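The values are calculated or read from the model by the stated rules, or taken from the named source; none is laboratory data. None of these values were measured; they are calculated from a predicted model. Here the Cβ positions follow ideal geometry from the backbone for every residue, glycine too, while neighbour counts run over all protein chains shown. The area values use the complete protein model at the heavy-atom level, side chains included, leaving out ligands, DNA and RNA. Shrake-Rupley method; radii C 1.70, N 1.55, O 1.52, S 1.80 Å.
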Amino acid sequence: MATITILTQYYENYNTDTINPPYWKPKGGHKFSVEVSDTSAMYCPDLKSLCAELIKEQCTEIEKFEYIEHEVDFSKPTKIHPDRFDKIAQLQFNS
C-alpha cells in the first residue's frame, strides 16, 4: 500500500446566507491522506488531477479546500525518538 498526502489551502465561508455572495476567508493549511495500492499510485496517468478532484469533493458551502500539492509515500516514515529532538534543541538554545 501507498499513502498519498494532499496538502490544501483551507477556507471558511463567513457569509452562508442565500442573499449575499459567499465570503471565503483563508484559514491555513489542511492535509488529507488516502491509502491506495502501490500500482494505483505508480501508474495513475494524472495523479495531480485525480487528487484535485478528490479535494473538490470535500468542499461544502461552509468550508472549501484548494489543492496545493501531493506526496506519495510507499513506506512508513522512520521514527526518531523525541529525546534526540530535545537534546539537539537544548544544544541550540544554549549556544
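Below, the figures for the structure above:
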quantity: Odd one out for PRO77, checked against (1) over 30 Å from PRO22 (Cβ atoms); (2) open to solvent by 100 Å² or more (accessible area, probe 1.4 Å); (3) in contact with a strand residue (DSSP E or B) (Cβ under 7 Å, 6 or more places away or on another chain); calculated: (3)
quantity: Residue that is surrounded by the fewest Cβ atoms within 10 Å (Cβ to Cβ) [pool: residues in the stretch 1-33 that are closer than 16 Å to CYS59 by Cβ and among the aliphatic types (A, V, I, L, M)]; calculated: LEU7
quantity: Matching option when the condition is surrounded by 14 or more Cβ atoms within 10 Å (Cβ to Cβ) and without any contact (Cβ under 8 Å) to a residue 12 or more places away in the chain, among LEU54, LEU50, LEU91; calculated: LEU50
quantity: Enumeration of residues in the stretch 37-95 that are within 17 Å of MET1 (Cβ to Cβ), part of a helix (DSSP H, G or I), polar (S, T, N, Q) and within 20 Å of the chain's Cα centre (by Cα); calculated: SER40
quantity: One residue from THR78, THR16 being of a type in the set (Ser, Thr, Tyr) and without any contact (Cβ under 8 Å) to a residue 12 or more places away in the chain; calculated: THR78
quantity: ILE62 vs. criteria of a type in the set (Val, Ile, Thr), surrounded by 10 or more Cβ atoms within 10 Å (Cβ to Cβ) and farther than 26 Å from TYR10 by Cα; calculated: no
quantity: Criterion (touching a Phe, Trp or Tyr at 6+ places or on another chain (Cβ under 6 Å) and basic (Lys, Arg)) met by exactly one of LYS56, LYS64, LYS48; calculated: LYS64
